[in-house]
Amino acid sequence: ADEPGVVRKVWLFSLVLGHSRWLWGRFVASQNLQSVLRCHIAAFAALGGVPEEILYDRMKTAVIGEDEAGVVTYNAALVALLNHYGAVPRACLPYRAKTKGKVERPFRYIRQDFFLARTFRNIDDLNAQFEAWRMKVANPRVHATTRRVVDAAFADEQPSLNPLPAIPYSAVLTVER
């Protein structure tokens, strides 16, 4: 039998800025819409602003479908949140390495650099360790592609983000226990 409160699987929600490659992430117990919305809100707060466009890897909580003409249908609740923050969604093109790689590559980096020989007690401990790694290792590093220090590039990019709205997003989110 499972121990109460023990999470057997975790998922990583990550947001990576396209220009600076500044990384934010949070491990969650569920990929449900509530978790995805909460992660967006927390990511935008950490950024201190909002990108004009957010590229998604066709995750089911973001992309509902696509018609024969290639018109993508997005989850209405996600679109409402993004509208509040002044952002628009964009789905990676299927089988298109150029866009998909930018979304997926950070996960390989995290697997290879963050998870090596690491243990954690619970999801809160995992997120605390990830935040420390993000602040001390991932964002202060010289990025292999841009050849710039990620934090320095973010300092240049951050003023270009849209400002956070005066009133926080107020959709009813269920309480996780």
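The values are calculated or read from the model by the stated rules, or taken from the named source; none is laboratory data. Please read these numbers as outputs of a predicted model, since none were measured by experiment. Using ideal geometry, Cβ is built from the backbone for each residue, glycine included, and neighbour counts are taken over all protein chains shown. Remember, those area values only see protein heavy atoms, side chains included, never the ligands or the DNA or RNA. Shrake-Rupley method; radii C 1.70, N 1.55, O 1.52, S 1.80 Å.
Within region 29-71, the GluC sites (Glu not before Pro) that combine a DSSP coil assignment with at most 15 other C-beta atoms in a 10 angstrom radius are GLU52, GLU68. Taking 7 Å steps out from each Cα toward its Cβ at GLU68 and ALA29 produces label points 4.5 nm apart. Along region 62-71 the Karplus relation, 6.51 cos²θ - 1.76 cosθ + 1.60 evaluated at θ = phi - 60°, assigns HN-Hα couplings of 10, 9, 8, x, 8, 8, 4, 7, x, 7 Hz to successive residues, with x for each Gly and Pro. Beta-bridge orientation, the chain: approximately 75 percent antiparallel, per DSSP, counting only bridges with both partners inside.
The accessible-area ordering, largest first, of the residues SER160, SER14 stands as SER160, SER14, per a 1.4 angstrom probe.
Spatial offset of region 130-156 relative to region 27-81 amounts to 24 Å, using the alpha carbon center of each.
The share of accessible area on the chain that comes from carbon and sulfur is 55 percent, using a 1.4 angstrom probe. Annotation: extensible slack from ARG105 through ALA132 equals 7.7 nm (criterion: 0.36 nm per residue apart, minus Cα-Cα distance). Along the positive direction of the dipole of the chain (beta-carbon charges: Lys, Arg +1; Asp, Glu -1; about the Cα centre), which of LEU93, LEU161, PRO106 reaches farthest? Final value for the positive-end residue is PRO106. Percent of Cα pairs in the chain per distance bin of 5 Å, from zero to the largest separation: 1, 7, 15, 19, 20, 17, 12, 5, 2, 0, 0.
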